[in-house]
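Here is the structure we will look at, set down as C-alpha cells.
The values are calculated or read from the model by the stated rules, or taken from the named source; none is laboratory data. Note that the structure is a prediction, hence the values are computed from the model and not measured. We place every Cβ from the backbone using ideal geometry, glycine too, and count neighbours over all the protein chains shown.
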Amino acid sequence: MSNNSKDPWWAPDKLYHLLFCFSLTLLFSSLATRTRYPFLRRHSIRVGSVLSLLSGAVKEAADHLGFFKSSGASAKDAVADFIGVLIAYLVRSAFDLSYRPEHDPIHARGVSMLFSGLPVLEELKLEDCSWGDLKFLTISAPKLHSLSIFKMGMLDGDIKRSGDLCLVMIVGDSLKEFYYKGLMFAEYCLYNSFSLEKAEIVTKPEYDRKPTNIARFLWNLLIGLSGVELLRLSSDMVKVLSNSPEFLPHMPMFNNLIDLIIVDKRVDLDCTVLLKILQKSPCLQTLNFSEGISLSLNREEDDMILDPVPLCFLSHPKWINIGTYFGHEKELLAVKILLKNAIVLDKINITCPASYDKNFDRQVKVLTQLLELPRRSQNCKIRALTV
C-alpha cells in the first residue's frame, strides 16, 4: 500500500492540524498584544505564528517518538500546520489593517477627548505609551492634579516608530504635580500650567537620537515648568541641555522656585545649564545635589564660576545638601565656591561614604579640609555625615 493511502491528504487529522495551528496563532498573537513589552506588541502576529509552528513541530516530534497513538511523524501534517498558520496570519493582518489608528475616529481626533470628558479625573499615569501614527494630541482634564509619564525599557527598533515624533500638548489648568521619567521619544509641552507646584524630569541619554532634537524636547518641557516651587532634574538632562548652548537664551525665569534637586549622578557646578537655572531662580532656598557635586576641570579661577553671583545666593539659600562626597580636589573646590558665595547660608550637609568610618585618618583629613574652608556666611554650619 502506498504512503498516500496510509496518510491521505484529505484525512480528518489534516483538518485538525490546520484548525489547531490556526487557533493557536490567533491566541498567541492576541496574548502578545496585551503584554507590557512594546517589542512583542509590535510583532504580535509574527510571535503568534512562530509559537504556533513550534507547537506543531513539538507535536510531530512527539508522534515520531511514540508519545501519541499515531502512525508517526508526517510531512503532510506539517504542511497542514503551516497552512493553518498562514491563514491565521492573513486573517489577523487584514483585521489589523482595517482598524488602524487613522481609521479610528477616536485616534483621528486625538486622545484628549477621552480625558476632557472625565470631569472628576484627578490623577493620571501613562506607562510606555506609543501614540501610533498621531502627530499631535492634547491631554486635558479640568480637575487633573497629578500627571506621571513613564517611558522605560524601549528597544532599538521602537525608536523608529512614527508615533515617537508625536507632539503632546498638556493643558494644566489645575495641574499641581508633573513627573516624567525615562526616555524622551515624543515632544511634550505644558500649557497654562500656572498652578504647577512640583515637577520632576528624570531622563536617560539617548544615543539613537540627534542631541539637538532631545535638547529641544527638554527645553520645551522646561519652559512649561517656570512656575514650580519644587523642581527635580536628572544630571543627564542637565548634561544634554549643556551640550546645546543655542537654547540657553530661552531659559525661563523660575520666580517661584524654592527647592532645586539634582538626582541620578554627580553634577558639575560649572555646568552652564545649572548656573543659568541658579541665575534665573531669585527665591531659591534649598539646593540638593543628591549624588554629589564637582567641577569639570581643576580651575584656579574658582571665583569666576559664579560670576555674576546668582541673586538667590545673596538673600535666600538657607540649606545646601551634597549627598555623596569623597573629598577629591574637584569636589573640595566646588564646596569652596558655594561657601564663598552663599551670603545667608545657614547649613550645608555633606555625606561621606560609610567606608570612611573605618578609615579614621581619611575621615579626619576630609573633615579638616571642609572646616578650613572660608565661609561668606558667619552663621553657616558644616555638618558632615556618613551613610
### Query
Does LYS276 count as crowded, with 17+ Cβ neighbours inside 10 Å and modelled with pLDDT under 90?
no
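For the range 202-231, what are the residues that are among the charged types (D, E, K, R) and at pLDDT below 85? So that I can check it myself, show each step before the final result.
Taking the range 202-231 first, the residues among the charged types (D, E, K, R) are 204, 206, 208-210, 216, 229.
Scanning the range 202-231 gives LYS204, GLU206, ASP208, ARG209, LYS210, ARG216.
Take the residues in the range 118-151 that are in a strand (DSSP E or B) and among the aromatic types (Phe, Trp, Tyr), then tell me which one is nearest to LEU190 (Cα to Cα). Explain how you work it out, then say what you get.
So in the range 118-151, the residues in a strand (DSSP E or B) come out as 123-127, 136-140, 146-151.
Those left that are additionally among the aromatic types (Phe, Trp, Tyr): 136, 150.
Details: PHE136: 14, PHE150: 16 Å.
So, considering only residues that are in a strand (DSSP E or B) and among the aromatic types (Phe, Trp, Tyr), the one nearest to LEU190 (Cα to Cα) is PHE136.
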### Query
Is one or more of the residues making up the range 354-374 exposed (fewer than 15 other Cβ atoms within 10 Å of the Cβ), assigned by TED's automatic domain parsing to the domain that holds ILE305 and under 28 Å from LEU257 (Cα atoms)?
yes
### Query
Counting only residues that are hydroxyl-bearing (Ser, Thr, Tyr) and assigned to a loop (DSSP other than H, G, I, E, B), which one in the range 29-69 is modelled with the lowest pLDDT?
TYR37
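Rundown of residues vs (1) at pLDDT 70 or above; (2) in contact with a His (Cβ under 9 Å, 6 or more places away or on another chain); (3) of a type outside the set (Ser, Thr, Tyr); (4) over 27 Å from HIS43 (Cα atoms), yes/no style:
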position: MET113; (1), (2), (3), (4): no, no, yes, yes
position: LEU167; (1), (2), (3), (4): yes, no, yes, no
position: LYS181; (1), (2), (3), (4): yes, no, yes, no
position: LEU196; (1), (2), (3), (4): yes, no, yes, yes
#### Entry: Considering residues of the range 181-205 that are within 14 Å of SER234 (Cα to Cα) and in contact with a helix residue (DSSP H, G or I) (Cβ under 7 Å, 6 or more places away or on another chain) only, the residue surrounded by the fewest Cβ atoms within 10 Å (Cβ to Cβ)
PRO205
### Message
I need the full set of residues from the range 307-342 which are at pLDDT 90 or above and aliphatic (A, V, I, L, M), in order please.
### Response
ILE320, ILE322, LEU332, LEU333, ALA334, VAL335, ILE337, LEU338, LEU339
